[in-house]
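A.B. asks: This is the structure I have questions about; it appears just below.
The values are calculated or read from the model by the stated rules, or taken from the named source; none is laboratory data. Computed from a predicted structure; not experimentally measured. Heads up, the Cβs are rebuilt from the backbone with ideal geometry, glycines too, and the neighbour counts pull from every protein chain shown.
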Amino acid sequence: MKKLFLIASVAVTMFSASCYGSGNVSSDDIDEPDSVYVTSKQEAKEVIDYYNKLIAALESNYDREQFGMIMECMGADDVSVPAPDVDTTGLWATVSDLIPAPEIVNDELRKNLEYQIMRWFAAGKRFVDNYSRFVEYRNNREYKKDNWALSDSLFEENNILGYNVFNARSEAINIIQPLVDSADEVLLDGNPFKEHVVAGKKILSVTERIVKLVQQDDFDSSHAQSLYDELCADISEAAAIKPVSGADMAAFHYQNFLEYAGSFRDEFKKSVLKTGSCNRKTLYSLIDYRNMAIDSFNEFVG
């Protein structure tokens, strides 16, 4: 079995705008854009709508689990390992729908964002093309002629491309996130759930930092402990917020969110803090708990 890089999804937070009164919710050689702030509810709704569209595209294409299965198949040098199907029909239409961003996104921000979207698309397309060539190579038994040499080459390139796909996805989200936070502030003004939303965002921010930290080869254990302590405090603070009267369904989803956040916290303590390391299984478990927390949070604000 060839060595497989960890291809970990950077779980991203989708904040729906519906509870606010609307619908659902780097490259080193690119300069950082100037700060941009949303000043009206109309601008805020445009930003949230675009953000949801961006997240939907990034989440529904080039799936982490599918990539993992593909890489395991390509790395096995074994024809008995199943070759998963890949469907990228309509992907370019999806990408073209993301460009350009709304007018509120200034030129510098738009340039950076579009760069990462195209980087994500190009790396993913090359990854899928390489995999298609591998399947053809394996089906035609070409490996008998070169002792899997082409497979080795395609596998190594896809290891790098897989990283680029998820890195570009993360960079795209990071670029637009400050604008989304500004939109949240505008839309939350006067909202009875404001305290809950702010508390939930704090929790998800810490879980994101934890996921990034544990992917480092030799992460700082003291930093990991401080993040754990911060997460415990944030969860306790969020749990102490009183529910909004007459909003039983919102309270249900908020409680689910806190339970998944608690599961993330407990897994982090048991499998990372106590061992001082994070293997692939644990990383995926943390990501899954975080994604479930995100889904519940979206249900709450939805």
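A.B. asks: So, of the residues in the range 29-52 that are of a type in the set (A, V, I, L, M) and more than 23 Å from Arg119 (Cα to Cα), which turns out to be modelled with the lowest pLDDT?
C.D. replies: If we take residues in the range 29-52 being of a type in the set (A, V, I, L, M) and more than 23 Å from Arg119 (Cα to Cα), then Val36 is modelled with the lowest pLDDT.
A.B. asks: Against the conditions (1) under 21 Å from the mean Cα position of the chain (by Cα); (2) over 17 Å from Ile203 (Cα atoms); (3) of a type in the set (D, E, K, R), where does Asp220 fall short? Just the number, please.
C.D. replies: Just one mismatch for Asp220, condition (1).
A.B. asks: On to the next question. Consider Gly162 carefully, then state whether it is out of contact with any Pro (no Cβ under 7 Å at 6 or more places or on another chain), outside the structural domain of Lys242 (by TED's automatic domain parsing) and assigned to a helix (DSSP H, G or I).
C.D. replies: The answer is yes for Gly162.
A.B. asks: Filter the range 275-289 down to the residues that are over 17 Å from Gln216 (Cβ atoms) and under 12 Å from the mean Cα position of the chain (by Cα) and list them by number.
C.D. replies: Asp288
A.B. asks: Determine which member of the set Ile55, Ile99, Ile117, Ile104 is modelled with pLDDT under 90, more than 21 Å from Asn291 (Cβ to Cβ) and crowded, with 19+ Cβ neighbours inside 10 Å.
C.D. replies: Just one listed residue meets the conditions, Ile104.
A.B. asks: From the residues in the range 58-75 that are at pLDDT 90 or above and among the aliphatic types (A, V, I, L, M), which one is nearest to Asn140 (Cα to Cα)?
C.D. replies: The residue in question is Met74.
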